[in-house]
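Worksheet: the structure to be examined is printed underneath.
Every number here is computed from the coordinates shown, using simple stated rules; none is lab data. All values derive from a computational prediction rather than experimental measurement. Here Cβ is always computed from backbone atoms with ideal geometry, including for glycine, and neighbour counts include all displayed protein chains.
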Ligand code: XMP
């Protein structure tokens, strides 16, 4: 069943996403489209019940005022014009505060357009399953499954749609958190019966990284090696026609529209083999992050996989400072596991955006069992942020910090000291490298 849809035309407003989001919160599907969408393109979306012309201060491109095509008026679809004056007698409104905006939208979407509230995850999943089956037929689809939220949800959705025609490749670069790769294998291969290629490339990455201490160089090596390993695996597989990606709606919006400049370019896949011609399958491209999570739950993925904190692509590699050694990497991994466990017990996993441990390259003197030690410190970090552009330090209950400290000192090898990083961003960044 194709859900009722409200299109928000992008006329340069920075509020497009907020409006589309608010309409979805009413239970009605909404999508942002470029201002110069043609009548045929609107018809192709199918079930468009209303169009919002969302004007704004940026509605001039290359010196010309943005205009929508006149042919849209002939479609006889109700329109709501906001901050965008039309000669036509379409409804003209002005967004107010959150409540007023909601009221305007409710009136337009539910009363005027008579949309049915049929946007929900169960319908979304059914629609996408059907769509993917139609798109790929009996062909095979390849997916780089990192175990992050987006790729995991894509995997679960495609397994439901095409089962073993999906080939997942999980590259363990040796910089994953404790039990992370194991749980990808457990959930996808053992529980969901996925066709999963597991590549343990830990040694290969560690060898490449040996002696490299410059953060950007480390990042580059990890990124390039990841593509190389993925390419090699993809080349071994035969008869693959499609590549699935965990592209989500903010990726598309942030890549820039015709009126809004790109916030950052969208590069979602780790390894897209350049000489391979794949057609893309991107079943989540319509979803906002919280909707992706809800979709994962709808598909039966475990909560701790779907509600996990952000984790950088280079993994623990940027938290084992300087030149990575097995010894310190192990200390990062073990201390991170303790921190996460204790945060979960204290309920902080629900309120803190990101939390992790860092192990620097230097050592300090300590004493254990009356004997002098000379070992590494572990630095704890816990921050809250909205968009990761700036961040504040979370005030953690002293008792929780002390318990984490005790456990790290007792359980993690080669460590004799624990510190808590109090630096906000700016002047620090969230990660240490
Ligand atoms: P910073 O350290 O720049 O981090 O304040 C902001 C957010 O981005 C994450 N981060 C990365 N994510 N690849 C990623 O996928 C990276 O190279 C990378 N570096 C930082 C970081 O964890 C934080 O959430």
Cα convex hull volume per residue for the chain, in Å³, equals 170 Å³
Where does each of 365, 136, 412 land when they are ranked from fewest to most other beta-carbon atoms within 10 angstrom?
-> 365, 136, 412
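For a footprinting-style exposure proxy, rank 181, 202 by other Cβ within 10 Å, fewest first. Present the calculation step by step, with values, prior to reporting the outcome.
Working: 181 21, 202 17.
The fewest-first ordering by Cβ neighbours comes to 202, 181.
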Footprinting exposure proxy for 203, 31 (fewest neighbouring C-beta atoms within 10 Å first) = 203, 31
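If you take all C-alpha pairs in segment 121-306, what percent of them are over 25 Å apart? Could you put the intermediate results ahead of the total?
Working: 6213 of 17205 pairs.
Counting pairs separated by more than 25 Å, the tail of P(r) holds 36 percent.
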Choose one answer from 114, 399, 363: the residue with the largest mean-square fluctuation in a GNM of the chain with alpha-carbon springs under 10 Å.
-> 399
Note down the relative contact order for the chain as a percent, whole number, built from C-alpha pairs under 8 angstrom at least six residues apart.
-> 12 percent
GNM result for the chain, Cα springs below 10 Å: residue of 68, 345, 221 fluctuating most strongly = 345
Bin width 5 Å, alpha-carbon pairs only: give the P(r) of segment 5-112 as whole percents, running from 0 to the bin holding the largest distance.
-> 2, 12, 26, 27, 20, 10, 2, 0
Give the angle, between 0 and 90 degrees and rounded to the nearest 10, that separates the Cα long axis of helix 149-162 from the longest principal axis of the Cα atoms of the chain.
-> 60 degrees
With Cα coordinates, the longest principal axis of the chain makes an angle with the long axis of helix 289-298, in degrees rounded to 10, of 80 degrees
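To check you understand DSSP bridge types, tell me what percent of the beta bridges within the chain (both residues inside) are antiparallel, rounded to 5.
Working: 15 of 57 bridges.
Here the antiparallel bridges make up roughly 25 percent for the chain.
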Taking a quarter of the surface of the Cα convex hull of segment 325-420, what do you get in nm²?
-> 6.7 nm²
In Å, the Kirkwood hydrodynamic radius from C-alpha pairs for segment 151-258 sits at 15.8 Å
Once residue 368 and residue 191 are pulled to full extension, the length gained, defined as 0.36 nm per residue separation minus their Cα-Cα distance, is 59.3 nm
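Peptides 246-253, 403-410: what's the order by average Cβ count within 10 Å, highest mean first? Present the calculation step by step, with values, prior to reporting the outcome.
On the way: 246-253: 19.8, 403-410: 17.1.
With the highest mean Cβ count within 10 Å placed first, the list reads 246-253, 403-410.
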When the chain is treated as a Gaussian network with springs between alpha carbons less than 10 Å apart, the largest mean-square fluctuation among 330, 99, 216 is found at 99
If packing is taken as the mean number of other Cβ atoms within 10 Å per residue, what is the order of 334-340, 161-167, highest first?
-> 334-340, 161-167
